[in-house]
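The values are calculated or read from the model by the stated rules, or taken from the named source; none is laboratory data. Worth saying up front: this structure is predicted, and the values here are computed from it rather than measured. Quick reminder, even Gly has a Cβ in these numbers, built from the backbone with ideal geometry, and neighbours come from all protein chains shown. The protein model used for the area step is the full one, side chains on, heavy atoms only, and it has no ligands, DNA or RNA in it. Shrake-Rupley method; radii C 1.70, N 1.55, O 1.52, S 1.80 Å.
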Amino acid sequence: MAAPEVHHLFHRPIADHSFSADRQTLAIARDTQVELYGRVGNAFKLKDELKGHDKLVTSVDIAPNTGRIVTCSQDRNALVWEPSPTGYKPTLVLLRISRAATFVRWSPSEAKFAVGSGDRVIAICYFEEENDWWVSKHLKKPIRSTITSVAWHPNSVLLAAGSTDAHARVFSAFIKGTDQRPEPSPWGERLPFNTVCGEFLNNSAGWVHAVAFSPSGDALAFAAHDSSVTVVYPSAPEQPPKAVISINTQLLPFMSLFWNGETEIIAAGYDCEAFRFQGGEQGWQLAGTLEKVKAGRPGLGGEDREESALNMFRQMDLKGKVTKDDTQLKTVHQNTVTMLRPFEESGGRVTKFSSSGVDGRVVIWHT
Amino acid sequence: MSIIQQHTQATLSDAWRTINIDALTEDSSVNFDVSTLHPPLPEISEADARAINGQVRQLLRGGDAEGALRGCLEMPVYNGSEAAKETHLHTVIEVLQSIKASEMTPMLQRIFAQQGGSECLDVLMKYLYKGMAATSAAADSSGRATPARAMTPQATGGFSQVGQRPMAANESTGSAMSVLLSWHEKVVEVAGLGCIGRTMTDFRRV
C-alpha cells in the first residue's frame, strides 16, 4: 500500500471537497467562499475563488460530466456555477427554505440535485427550461429535524437522507419531465415524488451523520453519532428489510462513509482516520484502519526525529527533560475527517479515495 | 439616508434573536412529541425490578458474579417508575461492589466477546453514570443537612472546611464512587470511547 498523498491547503476547517472528473481541479468549501485548486505537478495551487455566499458554505459538489459546481450555504441559498470561458457564472436556485442549507449532491444523471436543510425539508432542484432557472420541489414528510446528509441511488430517482431525528430515510425524488421511470427495485415499484421507501433507526438512535447506497443501490449504509455503522438490505417494497446490521464500534463517531464494492465500507470521522468494514448480508465487522501504523507519513515525519539522540539532548537542553511531542496526532489528519469521496475506481472497486478534514488537509489514500 | 440608518440600527440589535421562532412553526420539534420517533419500550414495574434483584442476589450467593452482572445488564429498566429504576440501579451497584478489582477486566472482556456483549457494556456505562449522579447527589444533600455546616458563617469568604469534610455518612458514598470510577476506567478500556458516546446519545435512559 503506497503512502497517502497529503495536501495541507490552509489552517481552516474544510466543510466539503469535490474533485472534477479529470481530478485536476479540486473545489474546497472554505468559510463563505469556495476555492478552486488546480493540480500543478504534485501539489494543488489556488487558481480561482467562487464568491457569492455570505455565510458559511456547507457543501460543494462538481458534476463530473457537465462540470457544473453546486454549492449551498448557511445563508439559505444554493448556487449553480456554470463553467464558461471567462470563469464560473453563478445562478441562484429558488430553494424556498428558511434555515441553513446543509448538504448538496448532484444526482448521477446530473439533471437535478438535492439540498438538505435545517428547515426539515430536502429541496430537489431541477432546471426549468421555459423560465430559465433552477426551481425546487420539497421532500417534507416525515422529516422531523435537520438533514445532515443526502446520497443518490444510481437510478437518480431514489434519495437517501440522514437526519438529526436519528432516522435514515429513503425517498423517491421523481420529477416528471426530468426523470425516466425507474426500474422496479427492492425499494419500490411505483415511485411518485415523496414516496417514503424506508425509514431506519438504529438501536440507540443517535444523529445520522452520513448515508450511502451501495454501488448496486440494493443496500444502504448509514453512520450515526452512537459510533455505529448500520447496513440495511431491503427485501421488497412495503416489506420489512431482509437484514439490518448494526456495527457498534469502540471508536468515536463517523462523519462520512462510502462503499467500496458491495462487501466493503470505508468510514472516517472524529477519530481522524479511516476505517474499513467488511461483510455482507450475514454480518459486518470492523476490519481495521487504513492508516499505516508506522512510517510513510509525508508532511509529518515527526516520529523518526523524535527518537534520535540529538533530539533527546536538544530537548533536555531546552526544557530540562525529555518530553514526548504530544501536540501531534499519530494520524495523517490532525483533526476530524469531515468528508470522504471515491477518487479513482477500476473494475467496480475504489482504488483511491480522498478525505478532507477540520485540519485543512485533503488526503488521497489508496484502499 | 436616515431611514436606512435606523433600519441598520434595528437589524444590528440582536433582540430578534431571542424570539423562539420554533414555537411559531407549527410542525417544528418543540410542537411535536419527540418520543413518538422511537419504538415504544417494554414497561418494567417495581415488582419486576425486585424480582430481578432477587434472582441476581441468588446468583451472587451462588458465586456466579459474571452471570449476575450479565443478568442485570440484560434487563435494564428503560421504561418504568422512578422506584423501579432506583431499585435496578441498586441491584447493579450491589453486583459491582461484590466483584473484586482483579476480576473486573477479564470479566468485562468475556462479556464483550459474547453475543450482544457490546450492548451490555453500554448498559453498564449508563448505570455507572447514573450511579455517580446518585452518589454525588447523596453526598451533596447529606453535606448540606449537617448542622455543622448550617451553623458555619459563610461570610468568611474562604472554603468552609467544616461542612466539606467527609462525614461518616459520606464515607459509604465515597467508597461507592470509587468503585464506580474504577469500573468506568475498566469499561472504557474494553468497550472504548464509543461506549461513552452511545451512553450520551442513546434515547433509552436508565
Neighbours of A:GLY280 by Cβ distance under 13 Å: Lys/Arg at +1, Asp/Glu at -1, summed charge -3
In nanometres, what is the gap between the two model label sites at A:ARG314 and B:SER178, each 7 Å from Cα along Cα-to-Cβ?
4.6 nm
From DSSP H assignment alone, runs of 4+ in chain A each adding -39500 (n - 2.57), the sum over residues rounded to the nearest 500 puts [θ] at 222 nm at -1500 deg cm²/dmol
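Ordering A:GLU189, B:GLU26, B:GLU74 by accessible area with a probe of 1.4 Å, largest first, what comes out? Walk me through the numbers before you get to the answer.
Values: A:GLU189 120, B:GLU26 165, B:GLU74 100 Å².
The most accessible residue leads, giving B:GLU26, A:GLU189, B:GLU74.
Using R₀ = 41 Å, calculate the FRET efficiency as 1/(1 + (r/R₀)^6) where r is the Cβ-Cβ separation of B:GLU94 and A:VAL244; round to 0.05.
The pair B:GLU94/A:VAL244 has a calculated efficiency of 0.70.
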Compute the separation of the alpha-carbon centres of the stretch B:179-206 and the stretch A:131-206 and state it in Å as a whole number.
35 Å
Beta carbons within 10 angstrom, averaged per residue: use that to sort the peptides B:61-68, B:183-190, A:164-171, A:198-205, highest first.
A:164-171, A:198-205, B:183-190, B:61-68
Run the dipole for the stretch A:157-267 about the Cα centre, Lys and Arg Cβ at +1, Asp and Glu Cβ at -1, nothing else charged, and hand back the magnitude in debye, nearest 20.
180 debye
Within 10 Å of each Cβ of B:31-38, how many other protein chain Cβ atoms are there on average?
3
Keeping the other protein chains in place, figure out the carbon and sulfur percent of the accessible area of chain A, with a 1.4 Å probe.
50 percent
Using only the Cα atoms of the protein assembly as shown, build the gyration tensor, take square roots of its eigenvalues as a ≥ b ≥ c, and label the shape rounded, prolate or oblate: rounded if a/c is under 1.5, else prolate if a/b is larger than b/c, else oblate.
prolate
Cross-link candidates for A:LYS330: which lysines have Cα within less than 20 Å, leaving aside residues fewer than 8 places away along the same chain?
A:LYS292, A:LYS294
What does the charge add up to near A:PHE127, with Lys and Arg as +1, Asp and Glu as -1, over the other residues with Cβ less than 12 Å from its Cβ?
-4
Per-peptide average of other Cβ atoms within 10 Å, ordering A:355-365, B:88-98, A:75-85 highest first
A:355-365, B:88-98, A:75-85
If you take the accessible area of A alone, add that of B alone, and subtract the area of the pair, what total do you get in Å², probe 1.4 Å, to the nearest 100?
1700 Å²
Shielding of B:187-195 by partners, i.e. mean partner chain Cβ atoms within 10 Å per residue?
4
What does the average come to when, for each residue of peptide B:115-126, you count the partner chain Cβ atoms lying within 10 Å of its Cβ?
1
Quick check for me: using +1 on Lys/Arg Cβ and -1 on Asp/Glu Cβ, what's the dipole size of the stretch B:17-126 about its Cα centre, in debye to the nearest 20?
580 debye
Once the dipole of the protein assembly as shown is set up from charges on Cβ (+1 Lys and Arg, -1 Asp and Glu), the residue from the list A:HIS209, B:ALA133, A:ILE265 lying farthest towards its positive end is B:ALA133
Toy charge model, Lys and Arg Cβ at +1, Asp and Glu Cβ at -1: chain A dipole around Cα centroid in debye, rounded to 20, equals 480 debye
Could you give the nm distance between label points at A:PHE127 and A:ALA43, where each point is 7 Å from its Cα heading toward the beta carbon?
3.7 nm
Positive end of the dipole of the protein assembly as shown, charges at C-beta (+1 Lys, Arg; -1 Asp, Glu), about the Cα centre: which of A:GLY347, A:TRP81, A:VAL231 has its Cα farthest in that direction?
A:TRP81
Could you grab the relative contact order for chain A? Cα pairs under 8 Å, six or more apart, rounded to a whole percent.
13 percent
Relative contact order, percent, the stretch B:34-109 [alpha-carbon distance under 8 Å, six or more residues apart]:
38 percent
Dipole of chain A (Lys/Arg Cβ +1, Asp/Glu Cβ -1, origin at the Cα centre): which of A:CYS125, A:GLN328, A:VAL135 lies farthest to the positive side?
A:GLN328
Taking only Cα atoms, what is the 0 to 90° angle, nearest 10, from helix A:309-319's long axis to the longest principal axis of chain A?
90 degrees
List the lysines whose alpha-carbon lies under 23 Å from that of B:LYS186, not counting same-chain residues fewer than 8 positions away?
B:LYS100, B:LYS126, B:LYS130
What does a probe at B:GLN115 reach in the stretch B:55-69, counting residues whose amide N is under 18 Å from the point 7 Å along Cα→Cβ?
B:67
Using the basic label-point model (7 angstrom from Cα toward the beta carbon), what is the A:ARG190 to B:ILE19 distance in nanometres?
4.4 nm
Accessible area of A:THR58 in the full protein assembly, 1.4 Å probe (Å², nearest 10)
30 Å²
Straight-line reach from A:LYS140: which lysines fall under 23 Å, measuring Cα to Cα and dropping same-chain residues less than 8 apart?
A:LYS112, A:LYS176
